[in-house]
Amino acid sequence: KRNHKIYSGTQNFWLHFNASCLCLVVGGFLLSWLCTGRLVFGLIPLPLFPWVSRGLSQFQDYRRKRELEFSALAFFNGLLGLIQSGRGLSSALFDLTQSQQTPFSLQLNQYLQNYQEGKGLSAVISQFRKKTGLPVIGNYLVTLEMAYCQGLPVAPLLELMIPSLEMEQHY
């Protein structure tokens with residue numbers, strides 16, 4: 001119920017959800033048939049279904065966050081290239097989210113629509129960071145947000161962030 005908005009439209013989640021239901025019921029009936037010779041006791045594992053469903057939901061959430069973090073590395077490399085070529089942070093973010101089709105850029109593009117509606121860039125980045133809840137990338141987004149708010153150059157910061165981000169993702 002907690003992650004319903006995240007997974008409500010994904011076919012992959014519902015495929016795993018239905019497969020886990022089917023495996024739980026069939027496994028229960030098979031174990032019941034082998035142990036007692038009756039199928040009636042196969043309904044006993046059904047109360048375990050909420051825990052199986054919760055585990056599946058947490059695994060899907062973990063995979064989604066991991067995919068976002070790995071695609072963020074390519075995004076930051078592209079962002080560094082655009083900033084070093086003379087673009088500002090906001091225009092580089094927009095160009096990169098429009099040109100890349102990675103999970104991170106697609107997710108960020110949804111939040112950048114708020115920037116076009118008049119919200120500040122730091123507020124948009126802060127909202128994106130809070131909603132996605134990325135543990136590794138969140139710290140780097142806070143640093144970018146603070147540098148942008150204070151008017152500091154972002155390119156040297158990104159040059160230092162990318163190698164440490166690679167190391168953190170490796171470990």
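Anything in the stretch 45-65 that is open to solvent by less than 80 Å² (accessible area, probe 1.4 Å) and either polar (S, T, N, Q) or under 22 Å from M167 (Cα atoms) (or both)? List them, or say none.
S53, S57, Q60, R64, K65, listed by residue number.
Looking at L134, L141, L68 in this structure, which one is open to solvent by less than 40 Å² (accessible area, probe 1.4 Å) and over 11 Å from the mean Cα position of the chain (by Cα)?
Numbers: L134 fails: over 11 Å from the mean Cα position of the chain (by Cα); L68 fails: over 11 Å from the mean Cα position of the chain (by Cα).
Residue meeting the stated conditions: L141.
For Y148, indicate whether it is in contact (Cβ under 8 Å) with a residue 40 or more places away in the chain, open to solvent by 30 Å² or more (accessible area, probe 1.4 Å), out of contact with any Asp or Glu (no Cβ under 9 Å at 6 or more places or on another chain) and not basic (K, R).
Values: in contact (Cβ under 8 Å) with a residue 40 or more places away in the chain: yes; open to solvent by 30 Å² or more (accessible area, probe 1.4 Å): yes; out of contact with any Asp or Glu (no Cβ under 9 Å at 6 or more places or on another chain): yes; not basic (K, R): yes.
Taking the combined requirement at face value, the residue satisfies it.
Give me a count of the residues in the stretch 71-91 that are in contact (Cβ under 8 Å) with a residue 24 or more places away in the chain and either open to solvent by less than 40 Å² (accessible area, probe 1.4 Å) or polar (S, T, N, Q) (or both).
The number of residues fulfilling the criteria is 12.
Looking at (1) open to solvent by 20 Å² or more (accessible area, probe 1.4 Å); (2) assigned to a helix (DSSP H, G or I); (3) under 24 Å from D61 (Cα atoms), which one does Q101 not meet, given that it meets all the others?
(2)
The values are calculated or read from the model by the stated rules, or taken from the named source; none is laboratory data. Predicted model only: the values in this text are computed from it and were never measured. Positions of Cβ are generated from backbone atoms using ideal geometry, with glycine treated the same way; all protein chains shown enter the neighbour counts. Side chains are part of the model used for accessible areas, which takes the heavy atoms of the whole protein and leaves out ligands, DNA and RNA. Shrake-Rupley method; radii C 1.70, N 1.55, O 1.52, S 1.80 Å.
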